[in-house]
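The values are calculated or read from the model by the stated rules, or taken from the named source; none is laboratory data. Computed from a predicted model, the values in this text were never measured in an experiment. Glycine also receives a Cβ, built like all others from the backbone with ideal geometry; neighbour counts cover every protein chain displayed.
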């Protein structure tokens, strides 16, 4: 229990900071949706979908590789830190230079005219991300969550600040809103022709400044070229990279292809790019589940490697999975029970609210993705990372097929369903393979019960959305208490053990 408590404490620290930081960043969603029409927001959604793919290529699975090799050879942890940093730096700087050089023709390839500046800014942003990836991994391995959190928060705060500076204060000053004396400064800060480019410029500046805060870790990261070691690290890491790429296909493909596979006129009054903007904004409401998964991953990955040699590791990993599912389903239920007032806060224009029905499906899809991440422990610990590539490539292929079939029939709901089916299927296959090669005694009955009851309660709550406000609130409260009661009843033995431990601490 003390080990679980330690993991929970680290995840909570990462989680609270991630929530605070991402909520700061998430304040940009209502800011953007109030400022940009759906077609303009669609440009942001489209380009950041490509960024997600490139970020996976830049790190090349070296974060997990660093954890694995440092755990196996603790006396050579610094050496492997330098090697991992060298690999990621060379990849990041080379790919970013290529993107900047070819930014003009690339903007035509992705059907985004005059996007050359956007692509160049994002290339520099991704290079900064790549250079910081292994230093951040070192902080996680050293359990220096405080500095990790501080730098992440600072980067997010700077991104928000630059957005507000350019798109609000700069725009106001340039228009003469605060007097002619500030117009010159305003024209320097804001040029209408850049438009959504300020979103990418702000991100670039924030990421570059974050590198300054990691100067100690960067100073320690000397270039260390060892071709023999690189070969071993690539053999372990490239399947992780392929897994990440395929995962990005599963996550981003709907947003990348919606504009092309959605029949024109499918949504009355909206172009296909506007539909992409609506779906992209509603996808953001799954942020709450993504935050929980991100916090868990930050704490869990080095934790799993550190516990791998313990004889009780399989039982411990099963307990981690059980409570992870409970936490995710609580988030799923709470967000859906309160969707009526949460959605309008973040989606500031009525047009964006038209896609709100995809939110429960996307939340559930992300929960399945979190379960899959949890299950991938077996092939990372047994050095069978090629199975991760096979699973993810299969999932990506299924996503392509399902999106191709469902988007023309159901629009962005079809894309959301395709994502959910893909992640759910990947989790099932990963579990089946894991039980063959690295058996872990997961409590399937409890997992299926919590997931099934959560889905049932959310389905019932959506039926009450049209009720009078007072009745809807009362029904939501009853449903939430029902779900909490079910957890207390089914997990009473574990909860009693936790309470007994708390009493002894007093």
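Annotation note: of 124, 91, 134, the sole residue that is farther than 18 Å from residue 208 by Cβ and either outside any helix (DSSP H, G or I) or modelled with pLDDT of 90 or more (or both) is 91.
Against the list (1) within 28 Å of residue 77 (Cβ to Cβ); (2) at pLDDT 80 or above; (3) in contact with a helix residue (DSSP H, G or I) (Cβ under 7 Å, 6 or more places away or on another chain), the condition residue 215 fails is (3).
Please tell me if residue 413 is under 30 Å from residue 442 (Cα atoms) and part of a helix (DSSP H, G or I). It is false that residue 413 is under 30 Å from residue 442 (Cα atoms) and part of a helix (DSSP H, G or I).
To keep it simple, each residue is scored yes or no on (1) under 21 Å from residue 368 (Cα atoms); (2) at pLDDT 75 or above; (3) surrounded by fewer than 18 Cβ atoms within 10 Å (Cβ to Cβ); (4) within 20 Å of the chain's Cα centre (by Cα).
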residue: 246; (1), (2), (3), (4): yes, no, no, yes
residue: 255; (1), (2), (3), (4): yes, no, no, yes
residue: 267; (1), (2), (3), (4): no, yes, no, no
residue: 286; (1), (2), (3), (4): yes, yes, no, yes
residue: 292; (1), (2), (3), (4): yes, yes, no, yes
residue: 311; (1), (2), (3), (4): no, yes, yes, no
residue: 321; (1), (2), (3), (4): yes, yes, no, yes
residue: 325; (1), (2), (3), (4): yes, yes, no, yes
residue: 335; (1), (2), (3), (4): yes, yes, no, yes
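Based on this model, can you work out whether residue 417 counts as at pLDDT 90 or above, in the same structural domain as residue 451 (by TED's automatic domain parsing) and more than 24 Å from residue 314 (Cβ to Cβ)? The answer is yes for residue 417. Of all the numbered requirements in (1) under 22 Å from residue 222 (Cβ atoms); (2) surrounded by fewer than 22 Cβ atoms within 10 Å (Cβ to Cβ), residue 148 misses one, and that requirement is (2).
Could you tell me whether segment 154-175 includes any residue that is in a helix (DSSP H, G or I) and closer than 30 Å to residue 79 by Cα? Step through it out loud before you land on a result.
Narrowing segment 154-175 to residues in a helix (DSSP H, G or I): 154-174.
Retained after the next criterion (residues that are closer than 30 Å to residue 79 by Cα): 154-155.
Yes, because at least one residue in segment 154-175 is in a helix (DSSP H, G or I) and closer than 30 Å to residue 79 by Cα.
Take the conditions in a helix (DSSP H, G or I), at pLDDT 90 or above, under 30 Å from residue 147 (Cβ atoms) and not assigned by TED's automatic domain parsing to the domain that holds residue 257 and apply them to residue 65. Does it pass? The answer is no for residue 65. Applying a threshold of 7 Å to beta carbon distances and a minimum spacing of six or more residues, or different chains, the list of pairs starting in segment 261-272 at a residue that is on the phi < 0 side of the Ramachandran plot and ending at one that is loosely packed, with under 10 Cβ neighbours inside 10 Å reads 272/264.
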